[in-house]
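Written out below as structure tokens is the structure these notes cover.
The values are calculated or read from the model by the stated rules, or taken from the named source; none is laboratory data. Just so it is clear, the model here is predicted, and its values are computed rather than measured. Cβ atoms come from the backbone with ideal geometry, glycine included; neighbour counts cover every protein chain shown. Calculation scope for accessible area: heavy atoms of the full protein, side chains included, ligands and nucleic acids excluded. Shrake-Rupley method; radii C 1.70, N 1.55, O 1.52, S 1.80 Å.
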Amino acid sequence: QVQLVESGGGLVQAGDSLRLSCAASGDTFSDYAMGWFRQAPGKEREFVSRISRGGNTYYADSVKGRFTISRDNPKNSMYLQMNSLEPEDTAVYYCAADRGRIYTTQVSRYEYWGQGTQVTVSS
């Protein structure tokens, strides 16, 4: 089992940057692919980014070129650097862990989830 805790959210203005962190504990962190998802009010949870065990990265089209995902296995941590934030990025951001080896954006394929951190971008 993996326990995940997000941090780094906040209220920023359009064009600003934020760095989200996800701290993992429990099972071996490097055994998992990790992902970031977000959920805006009244909307379904959606895929943002994924990083594989080996460091391969994937992004939703809406964040490509603005967001960067990374991981630090010795620190059992994952990060999401978010630049050029837009009001449309406002959501609760969740980190998630997937033991599977196949790239997926499906919420149901990720076994473990954090509690989320709020990101609010004002115009």
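Take ASP16, ASP98, ASP72 and sort them by solvent-accessible surface of the protein heavy atoms, 1.4 Å probe, largest at the top.
Details: ASP16 65, ASP98 5, ASP72 45 Å².
The most accessible residue leads, giving ASP16, ASP72, ASP98.
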- Counting other Cβ atoms within 10 Å, which chymotrypsin sites (Phe, Trp or Tyr not before Pro) in segment 55-89 have at most 13 and lie in a DSSP loop? none
- Only Lys, Arg (+1) and Asp, Glu (-1) charged, at Cβ; the chain dipole about Cα centre in debye: 280 debye
- Query: Distance from the Cα centre of segment 61-113 to that of segment 14-45, in angstrom?
  - Reply: 4 Å
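Subtracting the Cα-Cα distance from 0.36 nm times the residue separation, let me have the gained length for THR57 to GLN1 in nm, one decimal. Don't jump to the answer; show the numbers that get you there.
Values: separation 56, 0.36 × 56 = 20.16 nm, distance 2.33 nm.
Taking THR57 through GLN1 to full extension adds about 17.8 nm, to one decimal.
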- Hey, if you put +1 on the Cβ of every Lys and Arg and -1 on every Asp and Glu Cβ in segment 34-123, which of TYR112, PRO87, ALA40 ends up farthest toward the positive end of that dipole? TYR112
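How large is the dipole of segment 1-55 about the Cα centre if only Lys and Arg carry +1 and Asp and Glu carry -1, each at its Cβ, rounded to the nearest 20 debye? Display every interim value, and only then the final one.
Working: 6 positive and 6 negative charges, 23 e Å.
The dipole magnitude comes to about 120 debye.
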- Just need the relative contact order of the chain here, percent rounded to a whole number, with Cα pairs under 8 Å and 6+ apart. 36 percent
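With a 1.4 Å probe and all protein chains left in place, how much accessible area per residue does the chain have, in Å²? Present the calculation step by step, with values, prior to reporting the outcome.
Numbers: 6300 Å² over 123 residues.
Roughly 51 Å² per residue, with all protein chains present.
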- Which percent of the accessible area of the chain is formed by carbon and sulfur heavy atoms (probe 1.4 angstrom)? 44 percent
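Can you give the convex hull volume per residue for the Cα atoms of the chain, as a whole number of Å³?
Numbers: hull volume 11.1 nm³, N = 123.
Taking the convex hull of the Cα positions in the chain, it is 91 Å³ per residue.
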- Query: Hey, got the dipole for segment 70-123? About the Cα centre, +1 on K and R Cβ, -1 on D and E Cβ, debye to the nearest 20?
  - Reply: 340 debye
- Query: Quick one: Cα convex hull volume of segment 25-93, Å³ per residue?
  - Reply: 94 Å³
- Using a cut-off of under 11 Å, list every residue of segment 21-56 whose amide N is near the label point 7 Å from the Cα of SER77 along the Cα-to-beta-carbon line. 21-24
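Could you order ILE51, ILE102 so the one with the most accessible surface comes first? Probe is 1.4 Å.
Details: ILE51 10, ILE102 120 Å².
Solvent-accessible surface, decreasing: ILE102, ILE51.
Between ARG66 and GLN106, what is the FRET efficiency for a Förster distance of 30 Å, r being their Cβ-Cβ separation, to the nearest 0.05?
So, using R0 = 30 Å, E works out to roughly 0.85.
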- Binned Cα-Cα distances of segment 1-41, short to long, each 5 Å bin given as a whole percent: 5, 15, 25, 23, 14, 9, 7, 2
- Rounded to the nearest 10 Å², the accessible area of LYS43 using a 1.4 Å probe with every protein chain kept is 140 Å²
